[in-house]
Amino acid sequence: MKKTLMLVLTVLLMSVYAFSEVKIGIVNAQEIFQKTKRGAQIQKELEALQQKKASELQQLQEDIKKLEKDVASPALNTATREKKSLDLQNKRTQLKRQYEDAQRDFQLQSQKKLANLERELIPLIESVGKAKGLTVIFDRQRSGIVYYDTAIDITADVIKAIDAKTK
């Protein structure tokens with residue numbers, strides 16, 4: 001019994017010692033994206049893509065408005081009105097498809113650019129972590145962390161490192 005108790009106490013003391021050696025860091029990837037030069041560059045590229053897609057859709061919407069006015073005109077004969085109504089339906093279908101395609105393309109481009117940024121960040125985060133002697137680093141958004149002491153947040157250091165590399 002005494003040996004078992006000593007063994008349990010020894011294991012407990014060793015585990016306390018082992019856990020005391022773990023140094024944890026937290027990084028906020030969303031903040032890095034928002035505050036770095038590279039993140040700002042990606043945001044500008046995505047905004048430009050979004051504006052380009054919006055202007056393409058706007059031209060189609062103007063065509064639809066013109067066709068709606070033409071179809072509503074009492075001066076049209078039945079055959080012309082039917083043709084314009086069919087054109088109107090086709091334009092609306094085209095608008096819907098282009099809108100869906102634009103959304104899908106924007107999402108794909110956004111995911112691709114963010115994945116590339118993440119690939120650039122991982123080595124920088126690791127080097128900051130190693131320099132600070134950290135054992136493990138968690139991403140604030142992905143880890144489900146509710147509370148942490150800001151002293152373990154290395155986000156600012158990572159932002160400095162990526163901005164120094166981006167120049």
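Here is a yes/no grid of residues against (1) in contact (Cβ under 8 Å) with a residue 12 or more places away in the chain; (2) loosely packed, with under 10 Cβ neighbours inside 10 Å:
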site: Asp87; (1), (2): yes, no
site: Asn90; (1), (2): no, no
site: Lys96; (1), (2): no, no
site: Gln107; (1), (2): no, no
site: Gln141; (1), (2): yes, no
site: Val146; (1), (2): no, yes
Exercise. Regarding Arg97, is this residue under 22 Å from Glu45 (Cβ atoms) and of a type outside the set (A, V, I, L, M, F, W, C)?
Worked result: no
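Residue-by-condition table, conditions (1) small (Gly, Ala, Ser); (2) within 30 Å of Ile32 (Cα to Cα); (3) outside any loop (DSSP other than H, G, I, E, B):
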| residue | (1), (2), (3) |
| --- | --- |
| Arg81 | no, no, yes |
| Tyr99 | no, no, yes |
| Gln109 | no, yes, yes |
| Ile125 | no, yes, yes |
| Lys130 | no, yes, yes |
| Leu134 | no, yes, no |
Exercise. How many residues does the stretch 148-167 hold that are over 20 Å from Ala40 (Cα atoms), without any contact (Cβ under 8 Å) to a residue 60 or more places away in the chain and in a helix (DSSP H, G or I)?
Worked result: 2
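Since every read-out is calculated from the coordinates, none of them should be taken as a lab result. What you see is a predicted model; the values in this text were computed from it and never measured. Cβ coordinates were reconstructed from backbone atoms using ideal geometry, including for glycine residues, and neighbour counts include every protein chain displayed.
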